Each structure stands twice: as C-alpha cells, then as structure tokens.
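J.: Sending over a structure as structure tokens; questions will come in a sec.
None of the figures in this text is laboratory data; all of them are computed from the coordinates on show. All of these numbers come straight from a predicted model, not from anything done at the bench. Ideal geometry is used to build each Cβ from the backbone, glycine not excepted, and the neighbour counts take in all protein chains shown.
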Amino acid sequence: MMKKAKNTICLWYDDDAEEAARFYAKTFPDSSVGAVHRAPGDYPSGKQGDVLTVEFTVMGIPCLGLNGGPAFKHNEAFSFQVATEDQAETDRYWDAIVGNGGQESECGWCKDKWGISWQITPIALTKAYTSSDRSAAKRAFDAMMTMKKIDVAAIETAVRG
C-alpha cells in the first residue's frame, strides 16, 4: 500500500473529478490516477455508489478530487504553475488545456474546462523578470504583460533590448 501524503491539495468538482484526474494524468508527466472512492451513502450532491473522491497526482503533487456539487467554484486565487523548458512544451500544455474546453487568460494563465487555473510559465520568462539586470527584467515583464500564451522568443528578444 502506498504511503499517503500528509498534505494533499483537495480540488472541488461538481461531479467529474475522475474525468479531470484522467485528463491531468494523460497531459502532464509524473501524473497519475490512484484510488477512486464511491460514496457509502447518499449525500447532498450525489447518491450512494457515485464517485465521491478521486486520488490523483499532478506533476508529483498529491491531489484529491471531491465531487461536491455546484456550491463552490474555482477562481484564480489558486493555480498550478508549470515551469516549461521551451516553446514546444509551453505550446503542448497550453494547447491541451485550452483545446479541451478551457480558456485563455493573460500573462501565461489559462483555465481548464473545470475552472482550475494554470500558469504555463517558461523558465526563460522567470529568469528574465527576476534578472539582476533590472532594465532587461522590465522589458521582459512589459512584453509578458501583452501576451496570453507566453512567446519565449519574444521574451528573449525583449531581454536583449
């Protein structure tokens, strides 16, 4: 039996936590679906036997999906931030999330179809805006502020001035 993590992120879904978990497992490396637990009795948003919780991992982070019904919605106060190596990896994750019923936002943020926010953040961007060269950092930051999906080449161009 796998040792349960002491701290797990619990994500509230209407009724499709298992679908979300399977999407994340298919999309991101070091991600998987673990146990699927069915309700032992009726509850406010479901019946005995319905999927109640799903244990899953997203890029090494233990999560629990709870099918709690429509009472609570996700918002940008919580997001997964995914550090990407290059434009191809950035495009792959962005396109998977947005192309599967999600939506684009600004500055590398997008939402999946369940309302979970994702920051698809190229390492080149993080290095650029945290640079000790403050004018290069500002140019990179200003360039980022005009983008939806991050364009690594445009960030690198901005750093060079």
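J.: Pull up the DSSP beta bridges for region 1-87 and report the antiparallel fraction as a percent, rounded to 5.
T.: So the antiparallel bridges amount to about 70 percent of the total.
J.: Right, something else. First obtain the Kirkwood hydrodynamic radius of the chain from its Cα pairs, then insert it into the Stokes-Einstein equation at 4 °C and 1.567 mPa s, and state the resulting D in µm² per second as a whole number.
T.: Estimated diffusion coefficient is 76 µm²/s.
J.: Another one. Non-local amide H neighbours of Tyr43 (under 5 Å, H modeled in plane, Pro and chain starts lacking H): which ones?
T.: Residues meeting the criterion, in which the H sits 1.01 Å from N, are Gln48.
J.: What's the ranking of 40-47, 15-22 by average number of surrounding C-beta atoms within 10 Å, highest first?
T.: Most protected by this proxy first, the peptides run 15-22, 40-47.
J.: Among bridges DSSP assigns within the chain, what percent are antiparallel (round to 5)?
T.: Percentage antiparallel, nearest 5: 60.
J.: Another question, then. For Asp142 and Glu85 in one chain, what is 0.36 nm times their gap in residues minus the Cα-Cα distance, to one decimal in nm?
T.: Taking 0.36 nm per residue and subtracting the Cα distance, the gain is 18.4 nm.
J.: What are the extents of the Cα atoms of region 79-160 along their three principal axes, listed from largest to smallest and rounded to whole Å?
T.: That gives 39, 19, 18 Å along the principal axes, largest extent first.
J.: Let me ask another. Can you run phi through the Karplus equation (6.51, -1.76, 1.60; θ = phi - 60°) for region 4-15 and list ³J(HN,Hα) in whole Hz, with x for Gly and Pro?
T.: Result, ordered by residue: 6, 5, 5, 10, 10, 7, 9, 10, 8, 10, 4, 7 Hz.
J.: If you don't mind, there's one more thing I want to ask. Modelled label-to-label distance, Ser135 and Asp14, 7 Å Cα→beta-carbon offset: nm?
T.: Calculated label separation equals 5.2 nm.
J.: Below 8 Å between Cα atoms, with a sequence gap of 6+, how large is the relative contact order for region 9-67 in percent?
T.: 43
J.: Could I ask something else about it? Determine ³J(HN,Hα), in whole Hz, for all residues of region 23-38 in sequence, where each value follows from phi through the Karplus function 6.51 cos²θ - 1.76 cosθ + 1.60 and θ = phi - 60°; x replaces Gly and Pro.
T.: 4, 4, 5, 6, 8, 10, x, 6, 10, 7, 9, x, 6, 10, 10, 9
J.: Taking only DSSP H segments of four or more residues, each worth -39500 (n - 2.57), what value at 222 nm results for the chain once the sum is divided by all its residues, to the nearest 500 deg cm²/dmol?
T.: Here the helix-only value at 222 nm equals -9500 deg cm²/dmol.
J.: Let me ask something else. How do the peptides 51-62, 100-111 rank, highest first, by the average count of neighbouring beta carbon atoms within 10 Å per residue?
T.: So the order, starting with the most tightly packed, is 51-62, 100-111.
J.: If you don't mind, another one. Can you give the extra length, in nm with one decimal, that the chain gains between Lys73 and Lys113 once fully stretched, where that is 0.36 nm per residue apart less the Cα-Cα distance?
T.: My answer for the length gained is 13.2 nm.
J.: While we're on this one: For the chain, with a Gaussian network of springs between Cα atoms less than 10 Å apart, report the residue from Thr130, Thr90, Thr121 with the top mean-square fluctuation.
T.: In this elastic network of the chain, the residue with the biggest mean-square fluctuation among Thr130, Thr90, Thr121 is Thr130.
J.: Around Met147, which amide H atoms from residues at least 5 apart in sequence, or from another chain, sit under 5 Å from its own amide H, with H modelled in the peptide plane?
T.: HN-HN under 5 Å from Met147: Cys107.
J.: I need the phi-derived Karplus couplings for region 76-83: 6.51 cos²θ - 1.76 cosθ + 1.60, θ = phi - 60°, integer Hz, Gly and Pro marked x.
T.: With the stated coefficients, region 76-83 comes to 5, 5, 10, 8, 8, 10, 10, 7 Hz.
J.: Okay, moving on. Report Rg/Rh for region 9-67, rounded to two decimals, where Rg is the Cα radius of gyration and Rh the Kirkwood radius.
T.: Here Rg/Rh amounts to 1.00.
J.: What length, rounded to one decimal in nm, is gained on full extension from Lys6 through to Ser32, with 0.36 nm per residue of separation minus their alpha-carbon distance?
T.: Result for the pair: 7.6 nm of gain on full extension.
J.: I want to verify a result. In a Gaussian network model of the chain, Cα cutoff 10 Å, which of these has the top mean-square fluctuation: Ile123, Ile97, Ile150?
T.: Residue with maximal mean-square fluctuation among Ile123, Ile97, Ile150: Ile123.
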